[in-house]
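Let me begin by presenting the structure, written as structure tokens, before commenting on it.
The values are calculated or read from the model by the stated rules, or taken from the named source; none is laboratory data. Because the structure is a prediction, the values reported are computed rather than measured. Here the Cβ positions follow ideal geometry from the backbone for every residue, glycine too, while neighbour counts run over all protein chains shown.
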Amino acid sequence: MMSENAKAKMTMVYWKSDRFWLGKLYEHPEIMTQGETLEELEENIRDAYRMMAMDEVPGEYLVKEIVSMKRRDLVKELTIAGCVLLRHGSRHDIYLNPLTGQRQPVPRHSRDR
């Protein structure tokens, strides 16, 4: 029941192995899959993202578009939720949720410094 308007823009990092195309989501490096063709890889990675995003969501649910928040507000919310700064990347800071082990990249742009 996910709305067509509720689309996430993601970046797929991919490469060719001996038999398959392999890929992972840059924004969610824990999501990785394969496909015999690039089209199949892209379809599989979309399915893997949907499964992760919709894990534990009941069959009946509502969708609401939310306004994006400023970086400082996101960092504040992550900190309140118990997340800790794991490391500074070249363009992102990586925050870790110690309870789940999930990592979340937070973009750092020149206007945010």
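Pull out all pairs, ordered by first then second residue, where Cβ-Cβ is under 8 Å, the residues are six or more apart or on different chains, the first lies in the stretch 71-85 and is among the aromatic types (Phe, Trp, Tyr), and the second is assigned to a helix (DSSP H, G or I). Note: no pairs meet the criteria. Determine whether residue 56 is on the phi < 0 side of the Ramachandran plot, loosely packed, with under 15 Cβ neighbours inside 10 Å and of a type outside the set (S, T, N, Q). So residue 56 does not fit the description; no. Residues that are closer than 29 Å to residue 23 by Cα and of a type in the set (Ser, Thr, Tyr) within the stretch 45-67 comprise just one, 49. Remark: pairs (first residue in the stretch 11-23, polar (S, T, N, Q); second residue at pLDDT below 95; Cβ separation under 9 Å; 6+ apart in sequence or on different chains) = 11/25; 11/26; 11/27. Could you please find all residues in the stretch 89-100 being of a type outside the set (A, V, I, L, M) and either within 17 Å of residue 25 (Cα to Cα) or surrounded by 13 or more Cβ atoms within 10 Å (Cβ to Cβ) (or both)? Passing the criteria: 89, 91, 92, 93, 95, 97.
Counting only strands (runs of 3 or more DSSP E) that sit wholly inside the stretch 26-113, those with at least 2 residues that are at pLDDT 90 or above and over 21 Å from residue 11 (Cβ atoms) are 84-88. In this entry, residue 52 passes the filter for residues that are touching a residue at least 24 places away in the same chain (Cβ under 8 Å), closer than 21 Å to residue 97 by Cα and not assigned by TED's automatic domain parsing to the domain that holds residue 108.
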